[in-house]
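In what follows, a single structure is set out as structure tokens and then discussed.
None of the figures in this text is laboratory data; all of them are computed from the coordinates on show. Computed from a prediction, not measured in an experiment: that's the story for all the values here. Cβ atoms come from the backbone with ideal geometry, glycine included; neighbour counts cover every protein chain shown.
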């Protein structure tokens, strides 16, 4: 079955909307739609699967393991499963990105 989900129907906290595929026909993916102000930071964390960050606007500074990565609009960052990572909005304005997780 095909689903069309309005962003307003997704669970959200602050400026992050969360899509959980299992709620919509069992899709094996989840994603976060993020629109963060300068300095926004989720803190150091890990996932049991890869995480893909699709940068749409602004810039983020990532700490992935021992590596620092500067990412900007139009780039995609792939963080391997199990690697500690965090990011901060290091741009002068908002950072908009989609973070995708395989379930």
Computed over all unlike Cα pairs, the Kirkwood hydrodynamic radius of the range 1-59 in Å stands at 13.4 Å
What is the projected area of the convex hull of the Cα atoms of the chain, averaged over all directions, in nm²?
-> 6.6 nm²
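If the chain between residue 11 and residue 47 were fully stretched, how many nm would it gain, using 0.36 nm times the residue separation less the Cα-Cα distance?
Working: separation 36, 0.36 × 36 = 12.96 nm, distance 1.99 nm.
Computed gain between residue 11 and residue 47 is 11.0 nm.
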Given the options 67, 15, 46, state which has the largest fluctuation in a GNM of the chain using a 10 Å cut-off (strictly under) for Cα springs.
-> 67
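So, by mean Cβ neighbours within 10 angstrom, what's the order for 25-31, 95-101, 8-14 with the highest one leading? Can you show the working numbers first?
Values: 25-31: 13.1, 95-101: 20.3, 8-14: 10.6.
Top of the packing list down: 95-101, 25-31, 8-14.
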